[in-house]
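The next block holds one structure in the form of structure tokens; read it before the comments.
The values are calculated or read from the model by the stated rules, or taken from the named source; none is laboratory data. Keep in mind it's a predicted model, so treat the numbers as computed, not measured. All Cβ positions, even for glycine, are placed from backbone atoms using ideal geometry, and neighbour counts span all protein chains on display.
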């Protein structure tokens, strides 16, 4: 897959900024945004390769497609796999230890769509409000749907645990 085709697939996302509670994703929605997303990961500011073929280095077959809005961690596809699985890794740790987020790019984009449709947020929220999803049964169903869709349990369990922690900070207000 070339960058233009990848950018076209990414542009199909309803919104290029998806928020769910305090967490969010900014998706590269154009070829230029996709190119800029590689800076500091696969290439430097001049476009020179930063990838190294050593354990813990940024791999040449990884392309950044999105960033976490809270911490700036990258979400990237592995273009050496025809399904284009999506991963993330913690930025600034010195080595890259990837965690799979979805078994395919299509599944990742569907997960983002579910989050967008259920969160309906315009930006990150520092505290829950009356529009926040607080029903624990609905959250459990959404979590299970995303886990099944993505094919990746670990990342999404942690994602929803963080959301529940965020809600529990306001548990007196919502009686959770």
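Among the residues of segment 126-153, count how many are touching a strand residue (DSSP E or B) at 6+ places or on another chain (Cβ under 7 Å) and either over 18 Å from residue 86 (Cα atoms) or part of a helix (DSSP H, G or I) (or both).
Within segment 126-153, residues that are touching a strand residue (DSSP E or B) at 6+ places or on another chain (Cβ under 7 Å) and either over 18 Å from residue 86 (Cα atoms) or part of a helix (DSSP H, G or I) (or both) number 1.
Take segment 1-24 and flag every residue that is touching a residue at least 40 places away in the same chain (Cβ under 8 Å), out of contact with any strand residue (DSSP E or B) (no Cβ under 6 Å at 6 or more places or on another chain) and in a helix (DSSP H, G or I).
3, 6, 9, listed by residue number.
Looking at segment 31-50, is at least one residue assigned to a strand (DSSP E or B) and in contact (Cβ under 8 Å) with a residue 60 or more places away in the chain? Steps first, answer last, please.
Initial filter on segment 31-50 (assigned to a strand (DSSP E or B)): 39, 43, 49.
Filter once more, so that each one left must be in contact (Cβ under 8 Å) with a residue 60 or more places away in the chain: none.
No, the conditions are met nowhere in segment 31-50.
Could you list all residues from segment 57-72 that are within 15 Å of residue 39 (Cβ to Cβ), within 13 Å of the chain's Cα centre (by Cα) and assigned to a loop (DSSP other than H, G, I, E, B)?
Correct list: 72 only.
Does segment 138-164 hold any residues that are closer than 14 Å to residue 114 by Cβ and touching a helix residue (DSSP H, G or I) at 6+ places or on another chain (Cβ under 6 Å), and which are they?
Result: 142, 143, 146, 147, 149, 150, 156, 160.
Of the residues in segment 9-34, how many are modelled with pLDDT of 85 or more and surrounded by fewer than 15 Cβ atoms within 10 Å (Cβ to Cβ)?
2
Here are some conditions: (1) on the phi < 0 side of the Ramachandran plot; (2) not in a helix (DSSP H, G or I). Residue 84 meets all but one. Which one does it not meet?
(1)
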